[in-house]
Each structure stands twice: as C-alpha cells, then as structure tokens.
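This report refers to the structure that appears directly beneath it.
The values are calculated or read from the model by the stated rules, or taken from the named source; none is laboratory data. Just so it is clear, the structure is predicted and the values come from calculations on it, not from any experiment. Neighbour counts are summed over all protein chains in view; Cβ atoms, including those assigned to glycine, are modelled from backbone coordinates with ideal geometry. These accessible areas exclude ligands, DNA and RNA; they are computed on the full protein's heavy atoms, side chains included. Shrake-Rupley method; radii C 1.70, N 1.55, O 1.52, S 1.80 Å.
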Amino acid sequence: MSNNQHLVAPSILAANFANLQADVAMVHESEADWFHIDIMDGQFVPNISFGFPIIKAIRPLSNKVFDVHLMIATPDDYLEDFQKAGADVLTVHYEACNHLHRTIQRIKQLGMKAGVALNPHTPVALLEDIIADLDLVCLMSVNPGFGGQKFIPHTINKVRQLKALILRTNSKALIEIDGGVSMNNAEEILRAGVDVLVAGSSVFKSENPMETVRQLKAVDVSVSVV
Ligand code: DX5
Ligand code: ZN
C-alpha cells in the first residue's frame, strides 16, 4: 500500500464505558476507518471484556466497519451470533481453532471478512497453508488480554515475514497490528508493511483523541528514510 493508505482502528476497550456513546461518536466523527472491538472470555485470555449487548448497542451509532477480535476459547460456537450483532470483520485466534480452515470458510459464508490473529509466540510460517483464504492477519504485539501494554519489538520482524508471505502467495490479506501502538512507533510499524493500526490507550487516554486519530492516519511513509 502506498502513501497514507493505511487504516486506523481505535480499540474501544480503552473507551469510557460509563459514557460509551460519546466515545463511539468521537470515533465515528474522526478520521478513523474501523472500530476495533475486543471480546475476551476469561478462558482464552485472563480477562473478561464485554459481549453481544455492547456490540448491538453501538451498531446503530456508526456505519464504519466493525472489526471484531475474538479472544475466546471456542469461537466456532458464536460465529453467527457475532454476525447478527453487527461484525463486519471477524478475527479468530490461530491458537483457539483446531479446524481453522473450516472456521474461516464459515465466517465467509456468513458474509463477513475473515481474520486470523497470532499471539506473540506463534510463528507467521504457520499461516502458509491458509494465507490465501484470509482477508486479514492480526499480529499481536502484546500478549492479548489487556490494553495499555508495551509493544513487543520482535513483532516488526513478524510483519516483514508476513508481508513476504503475502506477496509470495498473492494473498489479499491485510496486515493488522494490535497492542502498544502509538505515535512513537507508528512510522516504524507502517514502514515494515502494516495496513491496519489498532490503537486503544494511545487514542483514548490522549488529551485530544480525535487529533491523535488524525495524526495516526497522517503518518506518511511514502518518503524514504535517508
Ligand atoms: C489486547 C487487545 C487490544 C487492545 C490494544 O488484548 O487485543 O486490541 O485493546 O490496546 P492498546 O492499544 O492500549 O495496547
Ligand atoms: Zn484487539
């Protein structure tokens, strides 16, 4: 992707749940492309976030893409429920799917885009035989479960490996990076080949969240580094 074609997806995990409507409106009015929606079940990850009622409640507030990231142990049991709740992109974890190919086909049959997320310890090479079927790969740059963690630098190498795999296989998959993304590392991340920046704390905990989204969107990697 060229100049400023990357997407920005604020993670509402870092929003103010006592006034979610206002934060959703901010993302809607901002230059953000997608909403990133983190679902945690207390099994796959050591935290519980929120479920269907929240997605359904905010669905009418914006027509932007709902990018739903399932950090749950048995995603296959709930694919249709997430489609009904309003997911546009549905991402399951590689580590949670015994029959990943079947899961991906089912997500697509339900009319959603299909994504796979990799934990920090899971090698990109394991996607070799599924990459052609994917619309998105989410590289976790923190251990999933919590917002506000520190970016794991090795993820940059994984982005480069994934980019090479995508080019070699002619896959259309977008590369998404999730965890610890801020204005301090966005440029390096984008230069490595990322298409979608997920950002929670760095957006919602900033002084001016809408301006932070604008800045993340405006990072320009078209000029080469001298
Ligand atoms: C972590 C979640 C992330 C999280 C990112 O398990 O998948 O989407 O919201 O939050 P920050 O940007 O604060 O690291
Ligand atoms: Zn996420």
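Figures for the structure shown
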{"quantity": "Gain in span if fully extended, I48 to K172, counting 0.36 nm per residue against the direct Cα distance", "calculated": "41.4 nm"}
{"quantity": "Simple Cβ-charge dipole of region 11-85, Lys/Arg +1 and Asp/Glu -1, about Cα centre, in debye nearest 20", "calculated": "220 debye"}
{"quantity": "Heavy atoms of F151 accessible to a 1.4 Å probe, total area in Å² rounded to 10", "calculated": "30 Å²"}
{"quantity": "The chain, relative contact order in percent, only Cα pairs under 8 angstrom and at least six apart counted", "calculated": "23 percent"}
{"quantity": "Pairwise FRET efficiency - A18 versus N63, Cβ, R0 = 35 Å, nearest 0.05", "calculated": "0.90"}
{"quantity": "Listed residues M210, M26 arranged by accessible area, highest first, probe 1.4 Å", "calculated": "M210, M26"}
{"quantity": "Cα centroid of region 30-86 to Cα centroid of region 103-126, whole Å", "calculated": "15 Å"}
{"quantity": "Under the span-like rule (Cα at least 18 Å along the axis, Kyte-Doolittle mean at least -1.0), DSSP H helices of the chain", "calculated": "155-169"}
{"quantity": "Candidate aspartates and glutamates - alpha carbon under 15 Å from K172, same-chain residues fewer than 8 apart omitted", "calculated": "E128, D129, D133, D135, D195"}
{"quantity": "Percent antiparallel among DSSP beta bridges (both partners in region 1-156, rounded to 5)", "calculated": "5 percent"}
{"quantity": "E95, E80, reordered so the largest accessible area comes first (probe 1.4 Å)", "calculated": "E80, E95"}
{"quantity": "Computed accessible area, H99, all protein chains, 1.4 angstrom probe, square angstrom", "calculated": "110 Å²"}
{"quantity": "When each of K84/K108; K84/K113; K64/K113 is checked by Cα-Cα distance, pairs over 18 Å", "calculated": "none"}
{"quantity": "The chain - percent of accessible surface contributed by carbon and sulfur, probe 1.4 Å", "calculated": "50 percent"}
{"quantity": "Accessible surface, the chain, averaged per residue in Å² (probe 1.4 Å)", "calculated": "46 Å²"}
{"quantity": "Label point distance in nm, L126-K163, each placed 7 Å from Cα along Cα→Cβ", "calculated": "2.4 nm"}
